[in-house]
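Scroll down for the structure; my scribbles are underneath it.
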Amino acid sequence: MKALTFAILRHLSDGEFHSGTTLSQILGVSRASISNALQNLDQFGLIIHKIQGRGYRWVNPVQWLDREKIRAHLAQEADYFRIQILDITQSTNTLMLDGIARNLASHNELIHVVAAELQTGGRGRRGRQWHTGLGDSLTFSMAWQFQRGVNALSGLSLAVGVAIVRALASVGINEVTLKWPNDLLFNFKKLGGVLIELQGDMLGPATAVIGVGINLRLPAYLRNRIDQETADIEAIIHTFPDRNRLFAALLTALAETLRIFDQQGFHYFRDEWVRCHAFEDKRIELYLPDGTVEQGVVRGVAADGSLVVSTVKGEQSFNGGEISLRRVS
C-alpha cells in the first residue's frame, strides 16, 4: 500500500463522499493517481464505494492511532515514551532492531516504541507469520535496556504476558489467559502473542526488543489465512475497543513490569503467571525440536520460566523457543 493511499484514506476516514477532483487538489496529484491509489484495497478488507458525481466513500474506516490521544491517556507517564507511529512496515521488531545502535543512543532516557497501522511481514514464534489487517490489531515493539545481562533475562516473555493481561483487565477486557511461553488466549483461542529479541552481552547491559501483536478484530478474509483457532477483542467485549486508550494501557503496564523485572527478575511474577496459565494442571503434549513428543500434566513454571511437567519419567522442566505445546482433549 502506497503513501498516497494512506493520505487518501485519512481524508476518507469521516465516512463521507469526497470527489476525486477535491482529493487531487488537496494532495497535489492527478485524479488518475487518486483512482490508481485506491485500487485492489479489498485484499486488505477495505470497502471503498465510488459513485459518479459524488466521488469516493470509505464504508468501513479504521480508528487510527493518534500520538496525542495516546499521550493524553498516558497522562503523567507520557514524557517517558518516544512513540513512532507508521502507516505501514514489514515488521516493527525488525525496524526497531535495525535502528537500536543508530537511534537509541541519543535518547537512552526514553522508552522507544514503534507501532504500525499495517504490518505486512509480522513474525511470530518459530518463524510463523503474524497476520494483520489495516487498523484491525495493535502491533508494536518496545525497546528496553536492562542493566542485567542476556543470561539473566530468563522468563522475560512470561512477565510481559502478565503485564498484557493486567493492561487488558484495566480497560475491562477480562478472562484473558496465557499459554507458555508467549501466547495470549481467550477460551483457548489465540488472541495475541509476544516476540522478544535480545541484543547485548551475557553480563550486561542488554537491550530487549519486545514485539506485541493483539487481535482487535478478525474479519473473515484474515481468519481464512490463519491455521489455528483465533479470538479477537471485538468478539469478547462486543464492541471495537478504543485503540489509543488500550495502547496507552499496554505501554503503562509494560513499563511498570519491566522496571520491576530489571530489579527482581521473573520470580516476582511467577505465581501470577501460573494463575493466568490456561494449561495449568491440564494434560498436554510437548512437541520437541528433535521430533519427539512428551505427554504430561503442567505443574507450573521454574524460576527461569521453564515449563514444569509431570510425566511418566517424573517431573521435568522444558525450555526453548522451538517447543510447541498442545492441549490433550
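Of everything in region 174-203, what is under 15 Å from the mean Cα position of the chain (by Cα), among the aliphatic types (A, V, I, L, M) and not in a strand (DSSP E or B)? Give them in sequence order.
Scanning region 174-203 gives a single hit, V176.
Within region 272-284, which residues are surrounded by 14 or more Cβ atoms within 10 Å (Cβ to Cβ) and either touching a residue at least 40 places away in the same chain (Cβ under 8 Å) or more than 22 Å from G314 (Cα to Cα) (or both)? Please lay out each step first, then the result.
The initial filter retains those residues of region 272-284 that are surrounded by 14 or more Cβ atoms within 10 Å (Cβ to Cβ), namely 272-274, 276-280, 283-284.
Selection gives E272, W273, C276, H277, A278, F279, R283, I284.
Restricting to region 22-75, give me the number of residues that are under 30 Å from N224 (Cα atoms), within 33 Å of the chain's Cα centre (by Cα) and not aliphatic (A, V, I, L, M).
Here the count works out to 17.
Among the residues of region 18-43, count how many are part of a helix (DSSP H, G or I) and buried (at least 18 other Cβ atoms within 10 Å of the Cβ).
We begin by selecting, within region 18-43, every residue part of a helix (DSSP H, G or I); these are 20-27, 31-37, 41-43.
Going one step further and asking which of them are buried (at least 18 other Cβ atoms within 10 Å of the Cβ), we end up with 20, 23, 34, 37.
Going through region 18-43 one residue at a time, the tally reaches 4.
Out of all the residues in region 50-65, is one or more buried (at least 17 other Cβ atoms within 10 Å of the Cβ), farther than 26 Å from I83 by Cβ and aromatic (F, W, Y)?
Within region 50-65 (the criterion being buried (at least 17 other Cβ atoms within 10 Å of the Cβ), farther than 26 Å from I83 by Cβ and aromatic (F, W, Y)), the answer is yes, since at least one residue qualifies.
Residues are listed down the side, and each one gets a yes or a no for (1) farther than 26 Å from G135 by Cα; (2) in contact with a Pro (Cβ under 9 Å, 6 or more places away or on another chain); (3) of a type in the set (D, E, K, R); (4) surrounded by fewer than 21 Cβ atoms within 10 Å (Cβ to Cβ):
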position: L184; (1), (2), (3), (4): no, no, no, no
position: K190; (1), (2), (3), (4): no, no, yes, yes
position: Q199; (1), (2), (3), (4): yes, no, no, yes
position: G204; (1), (2), (3), (4): yes, no, no, yes
position: I214; (1), (2), (3), (4): no, no, no, no
position: P219; (1), (2), (3), (4): no, no, no, yes
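Return the residue satisfying two criteria in turn: it lies in region 1-17 and is assigned to a helix (DSSP H, G or I) and of a type in the set (G, A, S), and of such residues it is farthest from Q63 (Cα to Cα).
From region 1-17, those assigned to a helix (DSSP H, G or I) are 3-11; that's our starting set.
Checking the rest, the ones that are also of a type in the set (G, A, S) come to 3, 7.
Details: A3: 18, A7: 15 Å.
If we take residues in region 1-17 being assigned to a helix (DSSP H, G or I) and of a type in the set (G, A, S), then A3 is farthest from Q63 (Cα to Cα).
Considering every residue within region 221-230, establish whether at least one is assigned to a helix (DSSP H, G or I) and closer than 26 Å to K69 by Cβ. Give the derivation first.
The first filter runs over region 221-230 and keeps only residues assigned to a helix (DSSP H, G or I), leaving 221-223.
If we keep only those that are closer than 26 Å to K69 by Cβ as well, we get 222.
Within region 221-230 (the criterion being assigned to a helix (DSSP H, G or I) and closer than 26 Å to K69 by Cβ), the answer is yes, since at least one residue qualifies.
For region 143-173, name all the residues that are out of contact with any Pro (no Cβ under 8 Å at 6 or more places or on another chain) and either on the phi > 0 side of the Ramachandran plot or in a loop (DSSP other than H, G, I, E, B) (or both).
Selection gives L153, S154, G155, G172.
Go through the residues of region 173-181 one by one and say whether even a single one is within 25 Å of L222 (Cα to Cα) and surrounded by fewer than 19 Cβ atoms within 10 Å (Cβ to Cβ). Spell out the reasoning first.
The initial filter retains those residues of region 173-181 that are within 25 Å of L222 (Cα to Cα), namely 173-181.
Then keep just the ones that are surrounded by fewer than 19 Cβ atoms within 10 Å (Cβ to Cβ); that gives 174-175.
Looking for residues that are within 25 Å of L222 (Cα to Cα) and surrounded by fewer than 19 Cβ atoms within 10 Å (Cβ to Cβ), one finds at least one in region 173-181, hence yes.
Quick grid of which residues meet (1) in the same structural domain as A78 (by TED's automatic domain parsing); (2) touching a residue at least 24 places away in the same chain (Cβ under 8 Å); (3) surrounded by 15 or more Cβ atoms within 10 Å (Cβ to Cβ):
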residue	(1), (2), (3)
I226	yes, yes, yes
E229	yes, yes, no
I233	yes, yes, yes
H238	yes, no, no
A248	yes, yes, yes
A255	yes, yes, yes
R259	yes, no, no
Q264	yes, no, no
R270	yes, yes, yes
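The values are calculated or read from the model by the stated rules, or taken from the named source; none is laboratory data. Because the structure is a prediction, the values reported are computed rather than measured. A quick note on method: Cβ atoms are made from the backbone with ideal geometry, for glycine too, and the neighbour counts reach across all protein chains shown.
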